[in-house]
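Peer 1: Have a look at this one.
The values are calculated or read from the model by the stated rules, or taken from the named source; none is laboratory data. These numbers come from a predicted model, not from an experiment. Methodologically, a virtual Cβ is constructed for each residue, glycine included, from the backbone with ideal geometry; neighbour enumeration extends over all protein chains shown.
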């Protein structure tokens, strides 16, 4: 931990910041913008997020095995960029993210499976202008586990909105990345102080194990579906 971080954290904690949000009962995994336009280091928007993508792949395996919700986001603009607003003016490189371009596809290393939701957005937050909150609420989600890029941009914006929409927010420290270390470190510090818990992936794995043992979500989801199906048949629905 850098000296500035140690001193600032001590000051923040003395003033009541950086408390722990803890963990809920029904988590979902939100993979923010791990699309080719960002994960290919040769693009104007890109960086080397190989390590963070690998961490995300490991979490995906656990979430899928437990039948827990998984959501990906991508940034997609129409070809004339008319839906990009001032964001395109501020960051002209976003113009590579047009509909039909491979740049907007989720990285093949963590390719979404059939039925997994891929939310299209135009701006930083995964919630802004999307139906993400509705999707999560419909599935009883109370905890959002976030990986993706970039820490200082879309990850931070999504974490702030996650809190504001009422979710326990966990940002996976080794599962998010940025183009430079300074913005990455500063924003993780700030997220942890105000908006969510920044935790290592090992903590998330332990959390998932604790809530999926003894029957687990996969079995519970199947049982709930069976009960609904039987009731539907009895009622003629």
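Peer 1: Look through the stretch 74-90, keep the residues that are under 18 Å from residue 46 (Cα atoms) and in contact (Cβ under 8 Å) with a residue 24 or more places away in the chain, and return whichever of them is surrounded by the most Cβ atoms within 10 Å (Cβ to Cβ).
Peer 2: First, pick out the residues of the stretch 74-90 that are under 18 Å from residue 46 (Cα atoms): 74-77, 87-88, 90.
The next check asks that each one be in contact (Cβ under 8 Å) with a residue 24 or more places away in the chain; those that pass are 74-77, 87.
Working: 74: 22, 75: 24, 76: 20, 77: 22, 87: 16.
Checking each candidate, the answer is 75.
Peer 1: State all residues of the stretch 35-57 that are more than 13 Å from residue 179 (Cα to Cα) and either surrounded by fewer than 16 Cβ atoms within 10 Å (Cβ to Cβ) or touching a strand residue (DSSP E or B) at 6+ places or on another chain (Cβ under 6 Å) (or both); if no residue qualifies, say none.
Peer 2: Selection gives 35, 51, 54, 55, 56.
Peer 1: Same structure, new question: For residue 146, indicate whether it is in contact with a strand residue (DSSP E or B) (Cβ under 9 Å, 6 or more places away or on another chain), modelled with pLDDT of 95 or more and surrounded by 22 or more Cβ atoms within 10 Å (Cβ to Cβ).
Peer 2: Working: in contact with a strand residue (DSSP E or B) (Cβ under 9 Å, 6 or more places away or on another chain): yes; modelled with pLDDT of 95 or more: yes; surrounded by 22 or more Cβ atoms within 10 Å (Cβ to Cβ): yes.
Judged against the criteria, residue 146 is a match.
Peer 1: Are any of the residues in the stretch 140-162 at negative phi and over 14 Å from the mean Cα position of the chain (by Cα)?
Peer 2: no
Peer 1: Can I ask one more? Can you go through 118, 71, 141 and tell me which one is out of contact with any helix residue (DSSP H, G or I) (no Cβ under 6 Å at 6 or more places or on another chain), assigned to a loop (DSSP other than H, G, I, E, B) and touching a residue at least 40 places away in the same chain (Cβ under 8 Å)?
Peer 2: Selected residue: 141, the only one of 118, 71, 141 that is out of contact with any helix residue (DSSP H, G or I) (no Cβ under 6 Å at 6 or more places or on another chain), assigned to a loop (DSSP other than H, G, I, E, B) and touching a residue at least 40 places away in the same chain (Cβ under 8 Å).
Peer 1: Still on this structure, please answer the following. Determine whether the stretch 7-20 contains at least one residue that is touching a helix residue (DSSP H, G or I) at 6+ places or on another chain (Cβ under 6 Å), without any contact (Cβ under 8 Å) to a residue 60 or more places away in the chain and not in a helix (DSSP H, G or I).
Peer 2: no
Peer 1: Which of the residues belonging to the stretch 149-172 are surrounded by fewer than 22 Cβ atoms within 10 Å (Cβ to Cβ) and not in a helix (DSSP H, G or I)?
Peer 2: Result: 165, 166, 168.
Peer 1: Still on this structure, I have one more. Could you grab me the full set of residues in the stretch 77-115 that are in contact with a strand residue (DSSP E or B) (Cβ under 6 Å, 6 or more places away or on another chain), over 13 Å from residue 34 (Cα atoms) and part of a loop (DSSP other than H, G, I, E, B)?
Peer 2: Residues satisfying the conditions are 79, 83, 84.
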